[in-house]
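Values quoted throughout were computed directly from the atomic coordinates according to the rules given, and no laboratory measurement underlies them. Since we're looking at a predicted model, the values are computed, not measured. Cβ placement follows ideal geometry from the backbone for every residue including glycine, while neighbour counts extend to all protein chains displayed.
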């Protein structure tokens, strides 16, 4: 037989996410946007080329789906299928030089004007 006692622990509850690129704030009630957020965490590895980016340094970024698409689409290829299935169609990645992306913060819900 097992005996338990009630243990109350405090935890953090997510109330919203602000995109690190455009600054738009999305409350958790906007579940479709929250679900589509991309939250990255990069850990610098031994022997990295840049001191600021490399060994022992952790970087995090939260990006809304709209900003991620603007940033990644020029460097990505559309693939039909997954790594578990045979690739049916692959479109080449266009070469983009001197890319400049400008973002405007919109909406009254943005805590970072």
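Some observations on this one:
- Sorting 16-27, 61-72, 34-45 by their mean Cβ neighbour count within 10 Å, with the most densely packed peptide first, gives 16-27, 61-72, 34-45.
- For the range 16-75, the alpha carbon convex hull comes to 96 Å³ per residue, rounded to a whole number.
- Percentage relative contact order, the range 16-75, counting C-alpha pairs under 8 Å, at least six apart: 33
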